[in-house]
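Data block below; observations after.
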Amino acid sequence: MEVRSIYKYARISPFKAREVTREIQGLPVSAALDLLAFTPKKAAFLIGKTLKSAIANAENNANLKPDGLVVKEAIVGEGPTLKRIMARARGSASKILKRTSHIRIVLTDEIPIETRETRNAKPEQEKKTAKKEMKNDAGESVEPVAEKKPTKPKPSTKAKK
């Protein structure tokens, strides 16, 4: 079952928030909370609030245990931009764009929990099986080939003078 939480109008640029959400996608909830707790960015705090809200929604509304939940999606969309003006030299002005974000987190219990050990073990296992297949293919292709007798050179067709 999927559970979601949305934090609208977060006062942070979507570009800055996406940097943090990319890190937590596909992680178990406990690992994602740990990662957010030790990330020294404003976006990590805001995304942590949204993640905790999604966990609370899963417990209270869907009767799910937080131990089996995985972050399926962590998406940051663009919210409305506040436009401000700052005075510049010689009576001119420049725009200041204060961007906002909509942070959406979707949790699910249908994806199997993947730890770092299992994630790192998969490529190593694939390499080992590929090496075994290469050895088997090399062993089968080396067959005894019958040696050919050297042939005598043919006499040239040019007439000797």
Cα extents of the stretch 83-122 along the three principal axes, largest first, in whole Å?
-> 63, 22, 9
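With a 1.4 Å probe and all protein chains in place, put 151, 118, 108, 39 in order of accessible area, largest first.
The ordering from most to least exposed comes out as 151, 118, 39, 108.
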Pairs to check: 41/98; 8/42; 52/72; 72/98; 42/72; 49/72. Give those whose C-alpha atoms are more than 20 Å from each other in this structure.
-> 72/98; 42/72
If the chain between residue 83 and residue 22 were fully extended at 0.36 nm per residue, the gain over the current Cα-Cα distance would be 19.2 nm
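For the stretch 1-126, what is the accessible area per residue in Å² when the probe is 1.4 Å?
Accessible area per residue, the stretch 1-126: 66 Å².
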Sorted largest first, the C-alpha extents of the stretch 1-143 along its principal axes in whole angstrom are 87, 48, 24
Backbone HN-Hα couplings from phi across the stretch 51-66 [Karplus 6.51/-1.76/1.60, Hz, Gly and Pro as x] | 5, 5, 5, 5, 5, 5, 4, 5, 5, 7, 8, 10, 6, 9, 7, x
Using label points projected 7 Å from each Cα along Cα→Cβ, tell me how many nm separate residue 134 and residue 9, to one decimal.
-> 5.9 nm
Amide H to amide H under 5 Å from residue 12: which residues, 5+ apart in sequence or cross-chain, H placed 1.01 Å off N in plane?
-> 101
Compare the peptides 44-53, 4-13 by average per-residue count of other Cβ atoms within 10 angstrom and give them in order, highest first.
-> 44-53, 4-13
Using θ = phi - 60° and Karplus 6.51 cos²θ - 1.76 cosθ + 1.60, couplings along the stretch 67-77 (whole Hz; Gly, Pro as x) = 5, x, 8, 10, 6, 7, 9, 9, 10, 10, x
Compare the peptides 54-66, 22-34, 126-138 by average per-residue count of other Cβ atoms within 10 angstrom and give them in order, highest first.
-> 22-34, 54-66, 126-138
Relative contact order (%) - criterion: Cα under 8 Å, at least six apart; region: the stretch 34-126 = 27 percent
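The values are calculated or read from the model by the stated rules, or taken from the named source; none is laboratory data. Keep in mind it's a predicted model, so treat the numbers as computed, not measured. Note that we place each Cβ from the backbone using ideal geometry, even for glycine, and neighbour counts take in every protein chain shown. Ligands, DNA and RNA are excluded from the accessible area calculation, which covers all protein heavy atoms including side chains. Shrake-Rupley method; radii C 1.70, N 1.55, O 1.52, S 1.80 Å.
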